[in-house]
There are 2 protein chains.
Amino acid sequence: MQIAILSFFHYFTPMFKKRENVFEVEEGKFLSPKFDVDGLIPVVTTDCKSGDVLMHGYMNEDALRKTIETKEAHYWSRSRRSLWHKGKSSGFIQKVVELRIDDDQDSVWLMVDIGNGASCHVGYRSCFYRSIPLGKIKNEKELKIEFKEKKKIFDPEKVYKGQPNPTKI
Amino acid sequence: MQIAILSFFHYFTPMFKKRENVFEVEEGKFLSPKFDVDGLIPVVTTDCKSGDVLMHGYMNEDALRKTIETKEAHYWSRSRRSLWHKGKSSGFIQKVVELRIDDDQDSVWLMVDIGNGASCHVGYRSCFYRSIPLGKIKNEKELKIEFKEKKKIFDPEKVYKGQPNPTKI
């Protein structure tokens with residue numbers, strides 16, 4: 001509800017430049033990001049060294065502004081419904097090396113430096129630690145996925161002691 | 001409406017393994033993807049050679065199944081409201097090299113080979129051809145973005161002749 005009201009408000013008074021027309025959005029020189037009905041924009045975060053995708057998250061206007069200004073990744077946590085300065089509790093801060101916006105300005109790509117740290121709350125370096133095998137599927141309900149990262153970087157039970165798991169069924 | 005009905009149906013009879021508990025989703029060996037209320041899962045697509053993020057899209061169950069089986073990227077086009085075999089009209093097919101799922105299985109990472117082709121409907125190789133400058137913002141409404149790709153790979157007016165532009169205000 002809080003997001004819906006904020007989103008309604010921002011629809012009429014966006015923080016960034018108002019989206020005027022398709023040419024300006026695609027070929028223009030000004031940032032005019034599109035936030036969805038919940039006031040959020042999806043974010044792809046990659047490791048600036050390996051190029052691996054570390055995580056997929058969301059930002060609201062404030063998270064995007066704070067990320068640009070502080071050069072540290074800020075997201076909107078949908079599970080906690082609050083601004084999320086990534087690494088504030090775990091110590092795994094994401095230093096932003098480059099920030100890009102896509103053609104229709106409705107998604108963001110963050111290139112970050114996490115040193116030897118991790119990005120995933122389960123303890124792996126990347127959230128995408130499992131691979132889906134390609135080819136003919138025998139049974140969709142028994143499709144086995146393969147672990148590509150074998151070792152966790154940290155123990156989530158120690159780092160996130162007492163905090164609820166953001167993964168929802 | 002069509003998506004809403006499909007989504008309602010799939011909620012009770014998912015194509016892939018039903019999500020049983022958090023441990024199975026995060027540490028288990030079976031694919032149990034989470035589709036949102038519209039029946040969609042976000043997809044990050046990267047270039048298997050450069051590691052660049054090419055695009056951010058969405059899949060429904062059928063698009064995910066077809067991508068796995070054909071090894072060519074299929075998405076759900078939200079603007080056209082239909083299954084989208086990427087490259088079918090432009091010729092820029094995305095050959096899937098690897099497919100990953102994230103910790104809570106609510107987003108997908110596609111590594112693809114597009115040869116010397118392009119991924120962006122505006123004509124650039126990547127949809128993320130513009131960079132947002134980092135640091136103190138003077139005025140959010142006049143935040144200039146910088147072109148990182150200088151040259152288009154193709155002319156969209158020739159390739160997509162007569163087709164509506166998917167970018168919406």
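The values are calculated or read from the model by the stated rules, or taken from the named source; none is laboratory data. What you see is a predicted model; the values in this text were computed from it and never measured. Cβ atoms come from the backbone with ideal geometry, glycine included; neighbour counts cover every protein chain shown. Just the protein is used for accessible areas: all its heavy atoms, side chains included, with ligands, DNA and RNA removed. Shrake-Rupley method; radii C 1.70, N 1.55, O 1.52, S 1.80 Å.
Assorted remarks:
- Helix-derived mean residue ellipticity, 222 nm - over chain B, DSSP H n ≥ 4, -39500 (n - 2.57), to 500: -5000 deg cm²/dmol
- Peptide A:160-169 has a mean shielding of 4, counted as Cβ atoms of other protein chains within 10 Å of each residue's Cβ.
- One chain, two ends: A:Ser50 and A:Lys71. Fully extended at 0.36 nm per residue, the span grows by 5.6 nm beyond their Cα-Cα distance.
- Between 0 and 90°, nearest 10: helix B:61-70 axis offset from chain B longest Cα axis: 80
- Copy-to-copy label separations for B:Lys49, where each label sits 7 Å from Cα toward Cβ, in nm and ascending: 2.5
- Share, in percent, of DSSP beta bridges within chain A that are antiparallel, nearest 5: 80
- Placing a label point 7 Å from Cα along the Cα-to-Cβ direction at A:Gly117 gives distances to the equivalent points in the other copies of 3.8 nm, listed shortest first.
- Beta bridges per DSSP with both ends in region A:44-131, % antiparallel, nearest 5: 80
- Remark: the Cα gyration tensor places the protein assembly as shown in the rounded category, a/c being less than 1.5.
- Note on A:25-31: average number of Cβ atoms from other chains within 10 Å of each residue's Cβ is 6.
- With a simple spin-label model that places each label point 7 Å from the Cα along the Cα-to-Cβ direction, the separation between A:Lys168 and A:Lys95 comes to 3.5 nm.
- Chain A Cβ-axis minimum, rotational copy B, residue and distance in Å: A:Gly51, 1
- Distances, shortest first, from the label point of B:Lys95 to those at the same position in the other copies read 3.8 nm; the point lies 7 Å along Cα to C-beta.
- Antiparallel bridge percentage (DSSP; both residues within the protein assembly as shown; nearest 5): 80
- The mean number of Cβ atoms from other chains found within 10 Å of a Cβ in peptide B:118-130 is 5, as a whole number.
- Mean Cβ count within 10 Å, highest first, over the residues of peptides B:106-114, A:64-72: B:106-114, A:64-72
- Dipole moment magnitude, nearest 20 debye, the protein assembly as shown about Cα centre, only Lys, Arg, Asp, Glu C-beta charged: 220
- Seen through its C-alpha gyration tensor, with square-root eigenvalues sorted a ≥ b ≥ c, region A:77-160 comes out oblate because a/c lies at 1.5 or above while a/b is not bigger than b/c.
- Shown here for region A:92-169: trypsin sites (Lys or Arg not before Pro) in loop regions (DSSP other than H, G, I, E, B) with at most 16 other Cβ atoms within 10 Å, namely A:Lys136, A:Lys138, A:Lys148, A:Lys150, A:Lys151, A:Lys152, A:Lys161, A:Lys168.
- Overall form of region A:1-152 per C-alpha gyration tensor (a/c, 1.5; a/b vs b/c): prolate
- Förster radius 56 Å - calculated FRET efficiency between B:Lys152 and A:Lys151, Cβ distance, rounded to 0.05: 0.85
- Summed buried accessible surface, chains B and A, 1.4 Å probe, nearest 100 Å²: 6700
- Here the spin labels are modelled as points 7 Å beyond Cα on the Cα-Cβ line, and at B:Phe23 and A:Asn116 they lie 3.1 nm apart.
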